[in-house]
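Everything on this sheet refers to the single structure shown next.
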Amino acid sequence: MLTLTGLNRRIRSTEDLQSVVRTMKALAAVSIRQYEKAVESLRDYSRAVDMALQVILRSVPGTAIRARRVPGKKVGAIVFGSDHGMCGPLNEQVVSHAVASMDDSDAGEKVILAVGVRVRDRMGDAGYPIEHHLPVPGSVAGIGPGVRDLLLEIERWQSVKGIGRILLFHSVLEGGASYHPREFLLLPVDEEWLAGLRKRSWPTRVLPTFTGDREALFSAVIREYMFISLFRAFAESLASENASRLASMQAAEKNIEDQLSELRRTFHQMRQMTITEELLDIVSGFEALTGGKGNAKIRE
C-alpha cells in the first residue's frame, strides 16, 4: 500500500508528465500552422507553373507535347509517415491505404520508398519490403532538401530500374485534428490534365511567348511541377502528423487530469486518516498517563 510520501511522489511525477504533454500539445499546434502556411505558399507558385505549362501547350498544335513515358509495368511508390510515435493511427492508416491500393493493382514489380521509420517498419510487416527510406524533415526548412533527395531517387528509378509509374501515398489534413490518406499519381503526368490546361482561357488578352527549345522548357517546367507535388506531400503529411499528435496529447491530458484528481483525492483521504489516527493516539496516551482522570477533567 502506498504511503503518503509515495503518493505525494507519484502526484509530482504525474504533474511533470502533464507539463510535458502540455508542451508537446503546444508545439504540435504551432507546427500544424507552420505546415499549413507552407502548403498555402505553394498556391501562387503552382499557379505560375500551370500558366507556364499552358503557354507551352498552346504553342503546339494537337498533342505533340506529352509527359515522357518509361516502358514497362514497374511501379514506384513513395509512402509518407512519421519517424516518431504518439501520433495516433496516422502511420497505420496510410500504410493500409497504400497496401490496399497496390494489392488491387495489376502492375508488375513494385519498388517502395518510405519517408519515416515507422512507415518503413509497417510496410515491411505488410509484405512490401522497403528498398530505401528517408528521414522525415524536422521543420519547414528541411522539406526542400527532402524533396531534392526524392527527385534524385526518382531519376535513378527511371534511368536504372525503368520505373515509369510513380505513386505518392500520404495524409491530408481536413481541418482541426482530422485527416485522411491520399493517393496521388506523380508520373506519368495526367494527359487529361494537360489537355485541360491547353483549353483553359488565358486571363489577359496577350498570350506570352518564349524562346529556346520547347521540349527542354517543357521538361524543366514538369520538373517544377514534380517539386511542388512532392513539397506539398511532405507538408500535408507533416501537418497531419502534428494534428494527430495534438489529438493524442489532448486525450492524454484528459487522462492525466483524471488521474491527478484521483491521486489528490486519495492523498487527502489518507492524510485525514493519518491526522485522525495521530489524534486518537494522543488521546489514548493521555488517558493511559492520567488513568482516565484526564477524561473527567476534560468533561468538567
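The values are calculated or read from the model by the stated rules, or taken from the named source; none is laboratory data. Note that the coordinates shown come from a computational prediction; the quantities given were computed from them, not determined experimentally. Positions of Cβ are generated from backbone atoms using ideal geometry, with glycine treated the same way; all protein chains shown enter the neighbour counts.
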Checklist entry - Of (1) within 30 Å of Val115 (Cβ to Cβ); (2) of a type in the set (A, V, I, L, M, F, W, C); (3) in contact (Cβ under 8 Å) with a residue 60 or more places away in the chain; (4) assigned to a helix (DSSP H, G or I), Ala220 satisfies all except one. Which? => result (3)
Item to check | Test: residue in the range 193-211 that is surrounded by 11 or more Cβ atoms within 10 Å (Cβ to Cβ) and in contact with a strand residue (DSSP E or B) (Cβ under 8 Å, 6 or more places away or on another chain) | outcome: no
Checklist entry - Is it fair to say Val140 is touching a residue at least 24 places away in the same chain (Cβ under 8 Å) and over 26 Å from the mean Cα position of the chain (by Cα)? => result no
Next on the checklist: Take Val55 and tell me if it is at pLDDT 85 or above, in a helix (DSSP H, G or I), of a type outside the set (S, T, N, Q) and under 30 Å from Thr211 (Cα atoms).
Outcome noted: yes
Checklist entry - When you go through (1) surrounded by fewer than 16 Cβ atoms within 10 Å (Cβ to Cβ); (2) more than 17 Å from Asn242 (Cα to Cα); (3) at pLDDT 85 or above; (4) not hydroxyl-bearing (Ser, Thr, Tyr) one by one for Met1, which number turns out not to apply? => result (3)
Checklist entry - Tell me, which residue of the range 113-144 that is of a type in the set (A, V, I, L, M) and farther than 19 Å from Ile163 by Cβ is modelled with the lowest pLDDT? => result Ala126
Checklist entry - How many of the residues making up the range 131-149 are aliphatic (A, V, I, L, M) and surrounded by fewer than 16 Cβ atoms within 10 Å (Cβ to Cβ)? => result 1
Next on the checklist: If I go through the range 58-97 residue by residue, how many of them are under 16 Å from Leu186 (Cβ atoms) and at pLDDT below 80?
Outcome noted: 5
Next on the checklist: Given the options Ser244, Ser248, Ser261, Ser229, name the one that is closer than 30 Å to Gln158 by Cα, under 37 Å from the mean Cα position of the chain (by Cα) and not aliphatic (A, V, I, L, M).
Outcome noted: Ser229
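Residue by residue, here is whether (1) farther than 22 Å from Gly144 by Cα; (2) among the basic types (Lys, Arg) holds:
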residue	(1), (2)
Phe210	yes, no
Arg214	yes, yes
Val221	no, no
Glu236	no, no
Ser261	yes, no
Arg271	yes, yes
Checklist entry - In the range 153-181, how many residues are under 24 Å from Glu109 (Cβ atoms) and either touching a residue at least 40 places away in the same chain (Cβ under 8 Å) or outside the structural domain of Gly81 (by TED's automatic domain parsing) (or both)? => result 15
Checklist entry - Filtering the range 146-188 down to residues that are part of a strand (DSSP E or B) and farther than 23 Å from Arg118 by Cβ, which residue is modelled with the lowest pLDDT? => result Gly175
Next on the checklist: Being buried (at least 19 other Cβ atoms within 10 Å of the Cβ) and either hydroxyl-bearing (Ser, Thr, Tyr) or at pLDDT below 85 (or both): is that true of Tyr45 here?
Outcome noted: no
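Let's see how each residue does on (1) within 30 Å of Lys25 (Cβ to Cβ); (2) in a helix (DSSP H, G or I); (3) touching a residue at least 12 places away in the same chain (Cβ under 8 Å); (4) assigned by TED's automatic domain parsing to the domain that holds Ser41:
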residue: Thr209; (1), (2), (3), (4): no, no, yes, yes
residue: Ile228; (1), (2), (3), (4): no, yes, yes, yes
residue: Ala235; (1), (2), (3), (4): yes, yes, yes, yes
residue: Gln259; (1), (2), (3), (4): yes, yes, yes, no
residue: Glu262; (1), (2), (3), (4): yes, yes, no, no
residue: Thr266; (1), (2), (3), (4): yes, yes, yes, no
residue: Gln272; (1), (2), (3), (4): no, yes, no, no
residue: Val283; (1), (2), (3), (4): no, yes, no, no
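Does Leu90 fit the bill of being touching a residue at least 12 places away in the same chain (Cβ under 8 Å), touching a Leu at 6+ places or on another chain (Cβ under 7 Å) and buried (at least 21 other Cβ atoms within 10 Å of the Cβ)?
So Leu90 does not fit the description; no.
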Checklist entry - Identify, please: which residue in the range 11-38 is buried (at least 16 other Cβ atoms within 10 Å of the Cβ) and of a type in the set (D, E, K, R) and is, among those, nearest to Leu263 (Cα to Cα)? => result Lys25
